[in-house]
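The structure appears right after this line, and notes come after that.
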Amino acid sequence: METKHMCLLVTTLLFIIVSIGDADTSPILVKKIKGKKVCDQGWECKGWSEYCCNLTISQYFDYYQFENLFSKRNSPVAHAVGFWDFKSFITASAIYQPLGFGTTGNKTTQMLEIAAFLAHVGSQTSCGYGVVTGGPTAWGLCYNKEMSPMQDYCDDNYKYTYPCAPGALYFGRGALPVFWNYNYGYLADCLKVDLLHHPEYLEQNATLAFQAAIFQWTTPLKKGQPSAHDIMVGNWKPTKNDTSSNRVPGFGATMNILYGERTCGKGDIDAMNTIITHYLYYLDLMGVGREQAGAHEVLTCAEQKPFNPSTPTTDSASS
């Protein structure tokens with residue numbers, strides 16, 4: 001997770017105690033506001049939104065599919081046994097579904113976005129590298145924290161905005177792992193949860209861990225740049241600079257947003273290919289089919305210049 005400067009309107013963590021089955025039985029309430037059709041589908045998509053008029057996530061992505069995607073996460077050798085579960089994912093997503101997360105467009109678009117999001121989650125939390133049976137794609141959600149951190153990830157350059165709390169360690173935690181005090185502090189501001197003083201919350205509450213990941217997915221890194229969500233649902237229109245930098249709409253650009261030069265613009269490297277493999281594998285397991293992922297040039301970021309380079313360039317997000 002890179003440094004961010006914008007917060008979504010959604011800022012409160014909701015702990016919703018509800019049976020997942022309730023999502024399928026909640027009536028769809030419909031009305032018009034200023035001539036626009038808006039809906040409310042109960043706890044999973046509540047708040048009179050146009051996106052709530054579409055399918056909710058639990059209506060096309062079921063418990064058994066979650067289990068198939070993350071089939072090894074509770075194996076004895078996994079490192080977060082019993083932590084991650086379908087209910088926590090759906091509960092966290094309910095905060096963002098009225099804003100379009102997994103509810104934008106037709107069913108195929110919706111499923112492509114969820115597969116893409118979970119592919120990033122699975123690849124970043126997999127312990128299936130090396131000799132573990134099944135390979136990386138079978139071992140997503142194996143971790144909920146960095147096991148052997150080499151540092152405390154405290155950056156004193158942010159001592160006036162996000163000062164490191166005594167005794168707190170800011171190593172990677174969560175579904176899309178969060179590192180550094182400034183990122184924990186930023187999330188604390190936006191989610192209204194004191195992660196700066198208690199970064200361990202991300203390894204103690206799966207709903208919060210998923211919420212932080214969905215927030216990263218749906219929030220632009222910088223003003224004028226898209227979010228990964230915007231890219232996957234077709235909201236992002238590349239500028240001339242994007243086009244000249246080989247940045248095109250598709251799964252590849254979501255890797256560019258989330259990882260930048262660590263993964264993209266380096267050719268056909270393993271770090272990138274592993275994430276793509278998760279995405280294609282998940283599309284197959286969800287019944288969408290990998291052929292829906294698009295052509296190679298939209299699936300990869302091998303030749304894309306990063307949105308957020310660590311060193312200044314002449315590239316700009318403005319047209």
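Laboratory data are not the source of any read-out in this text; all were calculated from the coordinates shown. The shown structure was predicted, so the numbers you read here are calculated from the model rather than taken from an experiment. Please note: Cβ atoms are built from the backbone with ideal geometry, for glycine as well, and neighbour counts cover all protein chains shown.
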Pairs over 18 Å Cα to Cα, from 72/107; 222/266; 237/305, come to 72/107; 222/266
Most packed first (mean Cβ within 10 Å per residue), the peptides 167-175, 92-100 order as 92-100, 167-175
Relative contact order in percent for the chain (Cα pairs under 8 Å, 6+ apart) equals 18 percent
The set of residues whose placed amide H lies less than 5 Å from the amide H of residue 46, leaving out same-chain residues fewer than 5 positions away, is 41
Cα convex hull volume per residue for the range 144-206, in Å³, equals 78 Å³
For the range 272-289, Karplus-derived ³J(HN,Hα) couplings (6.51, -1.76, 1.60; θ = phi - 60°; whole Hz; x for glycine and proline) come out as 6, 5, 5, 5, 4, 4, 4, 4, 5, 5, 5, 4, 5, 5, 7, x, 7, x
Listed with the fewest Cβ neighbours within 10 Å leading, 55, 221 appear as 55, 221
Relative contact order in percent for the range 144-206 (Cα pairs under 8 Å, 6+ apart) equals 33 percent
Under the 7 Å Cα-to-Cβ spin-label approximation, residue 240 and residue 303 lie apart by a distance in nanometres of 2.1 nm
Any lysines whose Cα falls less than 18 Å from that of residue 192, other than same-chain ones fewer than 8 residues away, would be 4
With only helices counted (DSSP H, runs n ≥ 4, each -39500 (n - 2.57)), the per-residue ellipticity at 222 nm for the chain, to the nearest 500, works out to -9000 deg cm²/dmol
Footprinting proxy, 266, 145: sorted fewest to most Cβ within 10 Å, the residues are 266, 145
Applied in sequence order to the range 236-247, the curve 6.51 cos²θ - 1.76 cosθ + 1.60 (Karplus, θ = phi - 60°) yields integer Hz couplings, x standing for Gly and Pro, of 8, 10, x, 7, 4, 5, 4, 4, 5, 9, 6, 8
With x for Gly and Pro, the residue-by-residue ³J(HN,Hα) of the range 64-77, computed from phi through the Karplus equation 6.51 cos²θ - 1.76 cosθ + 1.60 at θ = phi - 60° and given in whole Hz, is 5, 5, 4, 4, 5, 5, 10, 5, 9, 5, 10, 5, x, 8
